[in-house]
Structures are given as C-alpha cells and as structure tokens.
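Asks: I'd like to ask you about the structure that follows.
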Amino acid sequence: MTTILFTFLVAFGLSLCLTPLAKIFGFRAGAVDLPGERKAHTEPTPRCGGIAIVLSFFIALAAARFAGTEVSKLVVVTSQFLGF
C-alpha cells in the first residue's frame with residue numbers, strides 16, 4: 001500500500017509543478033486555443049496541460065522502478081506500453 005501511495009504522491013507532486021510550466025510553455029510556443037463564438041472561454045487558453053500529466057505519469061513510474069517498489073513489478077513494459 002505504501003508503494004502505491006509513494007507512486008501516487010510523486011505523480012501528484014510532479015503534475016502540480018509541471019502544469020504551470022506547461023502553461024507558460026503553451027503561451028510562449030503559441031499553442032493556445034483562441035476564444036470564438038462557439039468557445040466557452042473568453043481568453044486564450046494554453047493547450048499543453050496534457051504534456052505535464054503524461055510526463056508526471058512516466059516519471060513517477062521511473063521513480064517507482066528506481067526506488068524498488070512493488071508498483072514497478074506491476075508494470076509490464078510491452079510494445080503497446082512504449083507506444084503510449
């Protein structure tokens with residue numbers, strides 16, 4: 001149980017730290033969704049938040065593997081996993 005909690009906390013902390021950085025990157029790179037008549041938002045909205053979440057997921061799995069937790073034994077690395 002503590003190993004799953006460790007992995008969750010690493011992913012959660014990383015996503016909290018990386019999401020604002022992804023927002024800044026989105027504005028600088030111009031990867032924003034502009035408001036329009038069919039949009040709900042009224043300001044340009046960055047579209048890079050998913051990058052932060054995916055990075056957090058993979059970094060947390062790598063941290064679990066290096067820490068030698070039980071979570072790393074549950075992850076089976078296949079070609080489908082690598083393709084994700």
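The values are calculated or read from the model by the stated rules, or taken from the named source; none is laboratory data. No experiment lies behind these values; they were computed from the predicted model shown. Cβ placement follows ideal geometry from the backbone for every residue including glycine, while neighbour counts extend to all protein chains displayed. Accessible surface is based on the protein model in full, side chains and every heavy atom, while ligands, DNA and RNA are left aside. Shrake-Rupley method; radii C 1.70, N 1.55, O 1.52, S 1.80 Å.
Asks: Has segment 3-13 got at least one residue that is small (Gly, Ala, Ser) and at pLDDT below 80? Write out each step before concluding.
Replies: Quick first cut of segment 3-13, residues small (Gly, Ala, Ser) only: 11, 13.
From what's left, at pLDDT below 80: none.
Looking through segment 3-13, none of the residues is small (Gly, Ala, Ser) and at pLDDT below 80.
Asks: Of all residues in segment 48-84, how many are open to solvent by 70 Å² or more (accessible area, probe 1.4 Å) and farther than 20 Å from residue 11 by Cα? Walk me through how you get there before you give the answer.
Replies: Applying the first criterion (open to solvent by 70 Å² or more (accessible area, probe 1.4 Å)) to segment 48-84 yields 51, 53, 55, 57, 59, 65-66, 70, 73-74, 76-77, 79-80, 82, 84.
Add one more test, that the residue is farther than 20 Å from residue 11 by Cα, and what stays is 79-80.
Result for segment 48-84: 2.
Asks: Here are some residues: 14, 21, 34. Which one is aliphatic (A, V, I, L, M) and closer than 16 Å to residue 58 by Cα?
Replies: Values: 21 fails: closer than 16 Å to residue 58 by Cα; 34 fails: closer than 16 Å to residue 58 by Cα.
Just a single option satisfies the conditions, and that option is 14.
Asks: May I pose another question? What pairs come up if the first residue lies in segment 27-56 and is farther than 30 Å from residue 7 by Cα and outside any loop (DSSP other than H, G, I, E, B), the second is open to solvent by 40 Å² or more (accessible area, probe 1.4 Å) and among the basic types (Lys, Arg), and their beta carbons are under 8 Å apart, counting only those six or more places apart or on different chains?
Replies: 32/47; 33/39; 33/47
Asks: Evaluate segment 19-40: report whether one residue or more is modelled with pLDDT of 90 or more, surrounded by fewer than 15 Cβ atoms within 10 Å (Cβ to Cβ), at negative phi and within 14 Å of the chain's Cα centre (by Cα).
Replies: Yes, some residue in segment 19-40 is modelled with pLDDT of 90 or more, surrounded by fewer than 15 Cβ atoms within 10 Å (Cβ to Cβ), at negative phi and within 14 Å of the chain's Cα centre (by Cα).
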